[in-house]
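Following: one structure in structure tokens, then a few remarks.
Since every read-out is calculated from the coordinates, none of them should be taken as a lab result. This one's a predicted model, so the numbers in the text were calculated from it and none came from an experiment. Positions of Cβ are generated from backbone atoms using ideal geometry, with glycine treated the same way; all protein chains shown enter the neighbour counts.
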């Protein structure tokens, strides 16, 4: 029941962040483009594909892949109905009025795509209620929120068609490294889960043809409060179940310690993003 409550809170937080998400989610936008480039090199547009996207957010990855696979049959999903609605409206606005594109949208986006082939569906990515098989299951920066990541990977890979591809980006070990180091030095319990490294995914997807690559993204902030504000604006500010909130004094000490590591007029937050592509049937 606690985990169910946490999932509901997660959906609520992302829903509240839907309108401001694209003004703050610089890393998510960059990782979507990087993931789309990797998918383009692996998944050929040889036939009408069935594509399932998990955790679409406001549509960063959706926009990139619609350019690559305009004839595909799509199921675009998110745990937050508000995020899903924002994604749908953004795509519609860009197609009808390309001058209204988000500042993060690619200039190559084609305003003649047929959204009648895109099904928008509110759904928890850990509880897929759609029937496969899918030729491509993809996700940008959502898997780090999963409670049973190993079990979900098994379920998703089981929904792939013959030679289907599972492709995703996710936060990896090392993300917010300095932030967590400051917590440890102050004796503060780690506020966020420790994200898995590439070896975890190789173990979980053992027997599949799997390729992993890692890329570090750095986002600058004017101070520690601005960093926390960005997490809040993208819905990523709450800790997981069982972690108590910081006192005001603890938060002040943590922010001061973090800021003291930087000497310029800004601070930095590091994101270690892992890209995973695997094929269901091809084995090494």
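Once the convex hull of all Cα atoms in region 110-199 is built, its volume per residue stands at 162 Å³.
The residues 248, 118, when put in order of fewest to most other Cβ atoms within 10 Å, stand as 248, 118. With no solvent and one point per C-alpha, what does the Debye sum give as log10 I(q)/I(0) for region 25-73 at q = 0.12, 0.22, 0.23, 0.26 Å⁻¹? Scattering profile of region 25-73, log10 relative to I(0): -0.24, -0.78, -0.85, -1.05.
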